[in-house]
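**Student:** Could you have a look at this structure, given as structure tokens, before my questions?
The values are calculated or read from the model by the stated rules, or taken from the named source; none is laboratory data. Everything quoted here is computed from the prediction, not taken from an experiment. All Cβ positions, glycine included, derive from the backbone under ideal geometry; neighbour counts span all protein chains shown. Protein only, heavy atoms only, side chains kept; ligands, DNA and RNA dropped before computing areas. Shrake-Rupley method; radii C 1.70, N 1.55, O 1.52, S 1.80 Å.
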Amino acid sequence: MANSVPERHERGSEIIRSDRLSNLSDDLLRHILSFLPTNDVIATSLLSRRWILLWIGLPILHFDDSSFRSPESFFQFVESALNFLPNFNHIQICRLKGRGANFGLGPDKIISWVKEVINKLNELQVDELELCFTSWSGISLPSTIFNCSTLKVLKLKDVKVNTLSSVNLPSLKVLHLESVIFLEFHCLVMLLSGCPLLEELKLSSFAIYDYHQMKTKGIKSLEHYLVSSNHPSSTFLVTLKKFSVDQFKGLGCEYKVVRFIMKHAKALKTISIICRASVNSSMMLAKLYSLATRCEDCRFLFRVLVPCMKNWRFG
């Protein structure tokens, strides 16, 4: 491994220090900085004016509350960093993670702050957005996040989606939903209907809050919604090529959601289902496989997770 300490070259009585890092191009330095949290990246601006310009032009932002002692300091840092960026900046990826200690704030204050951040990110024309609020349970996303013309990739984890007034994600191609709670099944269908170019959908440990309403109204009401909406069933999920479900239990709303999507996504090329060992795998495999056969040239993958056996004892 090359020595990171600057080399010393003697020229007479003069000692010249060679800084290898500063000799790197701006593009290479930005690539290196893109792997660091944004607060560490901004700290490098103390080195020189060149480093200030480097972080301002960085196409990747990564905000994580785990290294902050208080919510105020984290909120203020994110707001200051985003406001410092010029509106002509093009952000390729932005990750916002609230996974540190629970700060004890009310959900209204956090939701209001998240809404302000989302509005600013929409101005910056973000391509890929990842939101993970593990430590902020009960956070409902503002509707503005589902109305963005530039967003191509959206990954959500540990959030709630309440009633949606509108969804307009005309450029979205990848949607990952992990531990996301929808108020109604209608909200999920509305979200998918607003993504006309969606190619990849991943669901993991999702839930429908008002499952009783889903059982009462049934799938037929959703078919009626598709026909009466601006996104009729003939164009619903027509571009979806990859559909995967992780931590599939096969009970209640999960199976109905998966069946509903597989029924409408007729251009699927890959279906991947990973279920728990507690599921009646043989029966579930038969049900899902019959749906997968409706898609021509579709690869169907079905796996069962087996619990770790290192602590099991026999005899």
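**Student:** Suppose each label sits 7 Å from its Cα in the direction of the beta carbon; what would the residue 92-residue 152 distance come out to in nanometres?
**Tutor:** Each label point is offset 7 Å from its Cα along the Cβ direction, giving 0.9 nm.
**Student:** Which peptide among 282-291, 260-269, 118-127 comes first, and what is the full order, when sorted by highest mean count of other Cβ atoms within 10 Å?
**Tutor:** 260-269, 118-127, 282-291
**Student:** Measuring from label point to label point, each 7 Å out along Cα→Cβ, what is the residue 73 to residue 45 span in nm?
**Tutor:** Reported label-point gap for residue 73 and residue 45 is 1.8 nm.
**Student:** Once R0 is set to 45 Å, what does the formula 1/(1 + (r/R0)^6) return for the Cβ-Cβ distance between residue 116 and residue 283, expressed as a FRET efficiency to the nearest 0.05?
**Tutor:** 0.40
**Student:** Whenever you get a sec, line up 296, 128 from highest to lowest accessible area (probe 1.4 Å, protein heavy atoms).
**Tutor:** In descending accessible area the options line up as 296, 128.
**Student:** By average Cβ neighbour count within 10 Å, what is the ranking of 240-248, 29-37 from highest down?
**Tutor:** Top to bottom by mean Cβ count within 10 Å: 240-248, 29-37.
**Student:** Any chance you could run the full-extension gain for residue 27 through residue 52? It's 0.36 nm times the residue separation minus the Cα-Cα distance, nm to one decimal.
**Tutor:** 7.6 nm
**Student:** How would you order 185-194, 164-173 from highest to lowest mean count of nearby Cβ atoms within 10 Å?
**Tutor:** Put in order of decreasing packing, that is 185-194, 164-173.
**Student:** Taking the Cβ of residue 296 as the centre, find all other residues whose Cβ is under 10 Å away and add up their charges (Lys, Arg: +1; Asp, Glu: -1).
**Tutor:** +2
**Student:** Given a Förster radius of 41 Å and the C-beta distance between residue 108 and residue 293 as r, what FRET efficiency does 1/(1 + (r/R0)^6) yield to the nearest 0.05?
**Tutor:** 0.25
**Student:** Quick one: check the C-alpha center-to-center distance for region 122-173 versus region 60-75, whole angstrom.
**Tutor:** A separation of 19 Å, based on Cα centres.
**Student:** Would you mind checking region 125-168 for residues with the amide N under 19 Å from a putative spin-label position 7 Å along Cα→C-beta of residue 276?
**Tutor:** Zone members listed by number: 158-159.
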